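**Student:** Pasting in a structure now, in structure tokens, and then I'll have a few things to ask.
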Amino acid sequence: ETELAAAASDAGQDAASQTIGNANQGPASANATVADPNSEILIKAVSASWVEIVRDNGEIVVSKLLRSGDVLAATIEDDLFLSTGNAGGLTLETAALDAFRVGKVGEILRDFPLTIDMLRDRQVQSEN
């Protein structure tokens, strides 16, 4: 299961960073955690974008406006889905996939599965 594990903002940087991690890591904490880079996806805002990540049971994991430079780190899981009001304002990146834009500026993306197969497919679409 996935839950909001930590939120941090580096002093001296405008970019905010929030991590959505494994529930077994414990409650929200300011302590650094070691994440498996092979199971992590970075969602980076290149322009303002509303983002919502939900579980397949409808539970909202995170729902917020990301500003340029903000980063969300989430675990790649079968039960997580991404929605955004500005797909062109976000890039997705994993250890196995170079950063790519999720869609076009202003494009609405609803319930995009955060699985490695769907991420690969979306990356190929973004290159065409």
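Here, each number is a calculation from the coordinates, and none is a lab measurement. Computed from a predicted structure; not experimentally measured. Glycine gets a Cβ as well: all are built from the backbone with ideal geometry, and neighbour counts include every protein chain shown.
**Student:** With +1 assigned to the C-beta of every Lys and Arg and -1 to the C-beta of every Asp and Glu, and no other charges, what is the dipole magnitude of region 31-128 about the Cα centre in debye, to the nearest 20? Write down the numbers at each step before the final one.
**Tutor:** Values: 9 positive and 16 negative charges, 101 e Å.
Its charge dipole is roughly 480 debye.
**Student:** Using a/c under 1.5 as the rounded threshold, could you call region 70-128 rounded, prolate or oblate? The axes a ≥ b ≥ c are square roots of the C-alpha gyration tensor eigenvalues, and prolate needs a/b larger than b/c, oblate otherwise.
**Tutor:** Here region 70-128 falls in the rounded category.
**Student:** What FRET efficiency would be calculated for the residue pair ALA95, ILE60, taking the C-beta separation as r and a Förster radius of 41 Å, to the nearest 0.05? Kindly include the intermediate steps, with their values, before the conclusion.
**Tutor:** Details: r = 26 Å, r/R0 = 0.65.
Plugging the Cβ-Cβ distance into 1/(1 + (r/R0)^6) gives 0.95.
**Student:** For a protection proxy built on the mean count of beta-carbon atoms within 10 angstrom, sort 72-82, 109-119 highest first, please. Working shown, then result.
**Tutor:** On the way: 72-82: 20.1, 109-119: 16.3.
For the peptides 72-82, 109-119, the packing ranking is 72-82, 109-119.
**Student:** Sequence-distant or interchain residues sharing an amide H contact under 5 Å with VAL62, placed H: which?
**Tutor:** ILE53
**Student:** Same structure again: Give a residue-ordered list of calculated ³J(HN,Hα) values for region 101-106 (Karplus: 6.51 cos²θ - 1.76 cosθ + 1.60, θ = phi - 60°; whole Hz; x for Gly, Pro).
**Tutor:** The phi angles translate into 6, 5, x, 8, 4, x Hz.
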